[in-house]
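The block underneath contains the structure these notes are about, expressed in C-alpha cells.
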Amino acid sequence: VRAVLDADPALAPAYAAVRRAVDTAGAEQRVADTAALEALLGRGLRISPTRFEKYQSCPFGYFLQYIIKAAPRKKAELAPNISGTLTHWVLENALRRRGEAFKTLTPEEVEALVDALVDEYVAENLPGMTVRMDYLIGRIRRNLVGLLGFIQRDLRQSGFRPVAFELRIDDRPDAENPDAPRIDPVQLADGAGHTVRIVGTVDRVDAMPLEKRGKTYLRVVDYKTGGKEFKLKEVYYGLDCQMLLYLFTLERNAQEAFPGATAAGVEYLLADPAPESVDRRELTEEADPAPTYPMNGLLLDDESIYRAMDTKGTGEFVPLSFSAKTGKVLNSKSTLADEAKLGRIRDHLDGLLIDMAENLYSGRIDAEPLCPGGGKSPCTYCDFRCACAHRDGEHERTISIKDDPFAE
C-alpha cells in the first residue's frame, strides 16, 4: 500500500502529511515559516498564567492548543464542573456584598447567606438539575457554611482586610462592565520587537496599610477545591506560579490603587479539603466542631507582617507552624521569603516569560514535556498525544533541583 501511495500520492490527499509525520518522528518540532507564525501571534503575547504553565509543561502542546486552536472531539453531553466555580462565586459575593458586616454575622445568618447565594447561582446557571447534581449542590452548601465560618474567624483576628475580588489584570476594559476596576499588566520585551504580558483575574486581594512605613502590604488569596501543595521548585520551572505572577504585577503596577504597594505573600486556601479521621475517644460535647482549612503559600519574611495575618500564632491562618513553648516559627524555609528572595523569584519568572516569547517567535515548539519527579508525564493525559511525534522517554525534562532553588 505504501509503495502504491508513494508512486501516486494523489490517491490519498492526506497521505503526504501522514508520511511526513512518520519520516520526521523523533526530530525537533519547529515552525519554518516564522513570518506566518508572527501573523498568527501578533507582535505581542497576552497570556494567562494557565497558558504560561501549559507552555512550560510542553511547548508543542501549547502550540497546538493556543496557536493553531486544535481541540479534541468531545461528547455532546452536559457534564459541568460546578464545584470550583460555585464555590468561588459564593465566596466572592458573600464577602463583597456584606463587606465589613460579614465578620459580625451569626452562624444562622451565615447559613442563610449561603442558601440564598447558592439558590441564586443555581437559578441563573443550572436549570433542570439532575438528582446527582442536586446531591452535589447540597454537599457544596454544607462545606460553604464551614468555609465561610473559617474565613470569618480569620478576618476577625487579622490585620489584613479584603480590598478587591475578581480583580482583572488587563490593559483592555471588560466588555460587559467597562468601568470595573482593573490593573494594567506588566509588559516585558524580548529584544526583537515583541512583547509579552500576563493577564487574568485575581480571586481576592487583602491589604494592610502601614502609614509609618509608607507602604500598603498586599496578599493574594486563591481558593482551591481539591488538593494543592505549593512548591518553590515547581515555581522555578514556571509551574504553580499564578498567584506570584499576579502579586508581582500588583506590586509594580497597582501603586495608584494601593499607595506603596508591597508584596506580603500569596496563600492558597484549600476550600474543599478531604475530611480528617478523628478518634471517637477524642470527641466530647465540648469539642469545637468548627472546621479548619489548610493554607499553602509563600509569605514575606517580616514578623510584623505574618504575625498580622495570624495574631495569636496558631498556625491556623498562615502556612506556618509556631512553637507552643517559644512562639517562634518552625521550619519556615519554604514558606517565608525576604524581599531579596521575592525579587529573585520575580526576576526569574520574568526571564521565563521572555524566553517563551523568544522561543515562540523563532519557531521553536518542540515537544519537550516537563515531568515532575515521581509524577506522571503530561503526555499521559495530553489531548494531543495522537497528533504528536514525541516518543516516551525522549526529550523529556525532569524537576531534579533542590526544594528551594531561590535560596542564596
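So the values come out like this:
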quantity: Choice from THR292, THR87, THR380 with maximal GNM fluctuation in the chain (Cα, 10 Å cutoff); calculated: THR380
quantity: Cα gyration tensor category, rounded, prolate or oblate, for segment 340-408 with a/c compared to 1.5; calculated: oblate
quantity: The chain - charge dipole about Cα centre, Lys and Arg +1 at Cβ, Asp and Glu -1, debye rounded to 20; calculated: 360 debye
quantity: HIS395/VAL122 FRET efficiency (R0 45 Å; Cβ-Cβ; nearest 0.05); calculated: 0.45
quantity: Choice from CYS386, CYS371, CYS58 with maximal GNM fluctuation in the chain (Cα, 10 Å cutoff); calculated: CYS386
quantity: Stretch gain in nm, segment GLU408-ALA16, where the contour uses 0.36 nm per residue and the Cα spacing is subtracted; calculated: 135.8 nm
quantity: Likely footprinting exposure, ILE137, ILE305, fewest C-beta neighbours within 10 Å first; calculated: ILE137, ILE305
quantity: Semi-axis lengths (Å, descending) of the ellipsoid that matches the C-alpha gyration tensor of segment 82-156; calculated: 23, 12, 10
quantity: Choice from ALA16, ALA263, ALA94 showing the highest fluctuation, given a GNM over the chain with Cα pairs closer than 10 Å; calculated: ALA16
quantity: Calculated FRET value between ASN177 and SER321, using beta carbons and R₀ = 56 Å, to 0.05; calculated: 0.85
quantity: Dipole magnitude of segment 82-156, debye to nearest 20 (Cβ charges: Lys/Arg +1, Asp/Glu -1, about Cα centre); calculated: 260 debye
quantity: Listed residue pairs exceeding 27 Å between alpha carbons, taken from LYS103/LYS341; LYS212/LYS328; LYS233/LYS376; calculated: LYS103/LYS341
quantity: Crossing angle, helix 339-361 versus the chain [Cα axis fit, 0-90 degrees, rounded to tens]; calculated: 20 degrees
quantity: Convex hull volume per residue for the chain, taking Cα atoms only, in Å³; calculated: 215 Å³
quantity: Difference of contour (0.36 nm per residue) and Cα-Cα distance, LYS312 to GLU100; calculated: 74.2 nm
quantity: Estimated 222 nm signal from helices in the chain, with DSSP H stretches of n ≥ 4 weighted -39500 (n - 2.57), rounded to 500; calculated: -11000 deg cm²/dmol
quantity: Relative contact order [Cα under 8 Å, 6+ residues apart], the chain, whole percent; calculated: 21 percent
quantity: Residue exposure sequence - SER377, SER400 - by fewest surrounding Cβ within 10 Å; calculated: SER400, SER377
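Values quoted throughout were computed directly from the atomic coordinates according to the rules given, and no laboratory measurement underlies them. What you see is a predicted model; the values in this text were computed from it and never measured. Don't worry about glycine lacking a Cβ; one is built from the backbone with ideal geometry, like all the others, and counts go over all protein chains shown.
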